[in-house]
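Notes follow the structure.
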Amino acid sequence: MHLKTRPGQVAPGVRAQQITHFAFAVFSVVAGTLILLREDAPHALFQTAGVVGYALAAVLSTGCGRALGIPRAAARARRILIVFHLLFIPAQFLFLLAHKVPFAGMALSTLIAVRLKPRFPRLKRRSRKVWLALHVGISVGWLGLSLGMLTLAVAGATTDDPVIRHGAYEIMHLFDLAIVIPSVFAALITGVVVSLGTPWGLVRHWWVLLKLLIALSLPVAATVESGWIEQLKLRTEDPAADPGGVGLALVVCMACFVALLWTAVALSVFKPGGKTRWGREGRFRWARGGVAAGAEEP
């Protein structure tokens, strides 16, 4: 027995989706306010970005949430919300440098994106090559930066020269904010586009899923690592200061980063593990072209 809705009445399923987006809008207002009111935020730039980002999220979630109840606008609103949350998940990693509340925001954005059940068209051959080239190039750069950061961390922790010690942490701080963070964000975005725009998918193969988990875990750990770098940069302004345990912890952290990124490289080359349960069940289909989940991989 199917429940019919009267003209102008919102279906129960749509109403539940609207409530979800309105709730996220409320969360965004609270999160943006908490970030704005924090007086000791370590990075003013990311504090501003967090306030602006969550303000945009509140407006967009409210507007699109209302549009979901309008038949002629619902499909477009749904597409906007899917794209927004897929971009907003990695964007909130940047806000972690100003406050810890984005941890909850990333979890909520992930749940919302999953509930929206996104489908993506398959990338055309040329587009796939362009996105793949971008992803590989940016990922190689990320690995190179991590190796450089590890070298600087070792130099800062082991040298007896106070100028070299302080300089190493100053360069690490510059790299961390100006190069590493944008590289991480770009690597995540290009990787997701390549995965969703090809039959590999995000959850159909173990090697892709493991790469995704590595890519998501590193920025979370980097929020701690960034604090250590800034602490050591300030501490070593005194020539007599010693990096101590924080310096050693930073070396271990950077070594783990490099090991995980090399693991991601190995996963891309050897593609171990086969298909996941979701991939074997063949539940996912592309939005256009009727390409089934069991289609031949690129």
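For the reader, a short list of remarks on this structure follows.
- In the range 148-200, residue nearest to ARG128 (Cα to Cα) [restricted to those that are modelled with pLDDT under 90 and polar (S, T, N, Q)]: THR198
For (1) aliphatic (A, V, I, L, M); (2) over 21 Å from the mean Cα position of the chain (by Cα); (3) closer than 22 Å to PRO219 by Cα, each residue gets a yes or a no:
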| site | (1), (2), (3) |
| --- | --- |
| LEU150 | yes, yes, yes |
| ALA153 | yes, yes, yes |
| THR158 | no, yes, no |
| ARG165 | no, yes, no |
| ALA168 | yes, yes, yes |
| PHE175 | no, no, yes |
| ALA187 | yes, no, yes |
| VAL192 | yes, no, yes |
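- Tabulated pairs, the range 252-270, first assigned by TED's automatic domain parsing to the domain that holds ILE229, second outside any helix (DSSP H, G or I) and surrounded by 13 or more Cβ atoms within 10 Å (Cβ to Cβ), C-beta under 9 angstrom, 6+ apart or interchain: LEU267/GLY273
- Segments classed as helices (runs of 4 or more DSSP H), wholly inside the range 170-284, with at least 2 members that are out of contact with any strand residue (DSSP E or B) (no Cβ under 8 Å at 6 or more places or on another chain) and surrounded by 17 or more Cβ atoms within 10 Å (Cβ to Cβ): 181-196, 206-235, 244-270
- For ALA57, the conditions (1) farther than 25 Å from ARG79 by Cβ; (2) modelled with pLDDT of 95 or more all hold with the exception of (1).
- Looking across ALA55, ALA77, ALA113, one residue alone is part of a helix (DSSP H, G or I) and without any contact (Cβ under 8 Å) to a residue 24 or more places away in the chain. It is ALA77.
- Some residue of the range 104-112 being more than 25 Å from SER268 (Cα to Cα) and touching a His at 6+ places or on another chain (Cβ under 8 Å): yes
The values are calculated or read from the model by the stated rules, or taken from the named source; none is laboratory data. This structure is a prediction, so every number in the text was calculated from the model and none was measured. We place every Cβ from the backbone using ideal geometry, glycine too, and count neighbours over all the protein chains shown.
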